[in-house]
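Just below is one structure, and these are the notes that go with it.
The values are calculated or read from the model by the stated rules, or taken from the named source; none is laboratory data. Quick caveat: nothing in here was measured; it's all calculated off a predicted structure. Positions of Cβ are generated from backbone atoms using ideal geometry, with glycine treated the same way; all protein chains shown enter the neighbour counts. These area figures cover heavy atoms from the full protein model, side chains too; ligands, DNA and RNA do not enter into them. Shrake-Rupley method; radii C 1.70, N 1.55, O 1.52, S 1.80 Å.
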Amino acid sequence: MTCYPTAISTADCRSVPSRAHLVGQVSGHLPLARTKAAADAYRSVLDRVDTDFRCDVQELIEKLDFEHEKWQSATQNIDWHTQDTLFVSLT
């Protein structure tokens, strides 16, 4: 699995007819404010995930944690920060 998270502003997406071209095939999106909760949820069930997928889920957890930390830092330190949505493409 290759995970390509891309954070952009929801307002930016409204002006784009199709979001699919942003990161290839968009598989999903998540508010950046919820990335930590999502990472924690995946982390809590990681030991129950089939061993064939555990590495992939761990990679997703790491990327969600990274995006949360980056979003949290930006919202606290940059007054013009407008990125609020994470778009994820899984290939």
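Legend: residues Lys70, Lys63, sorted from most to least accessible area (1.4 Å probe; ligands, DNA and RNA excluded), read Lys70, Lys63. Using heavy atoms of the protein chains and a probe of 1.4 Å, the accessible area assigned to Leu30 is about 40 Å². Amide H to amide H distances under 5 Å link Ser27 with Val88, Ser89, Leu90, where only residues 5 or more positions off or on other chains count and H is placed in the peptide plane. Loop-located chymotrypsin sites (Phe, Trp or Tyr not before Pro) in the range 31-91 (DSSP state not H, G, I, E or B) with no more than 16 neighbouring Cβ atoms inside 10 Å: Trp80. Maximal additional length on extending the Asp56-Lys36 stretch stands at 5.5 nm, based on 0.36 nm per residue less the C-alpha distance. Full extension of the segment from Arg43 to Thr75, taken as 0.36 nm per residue of separation minus the current Cα-Cα distance, would add 9.1 nm.
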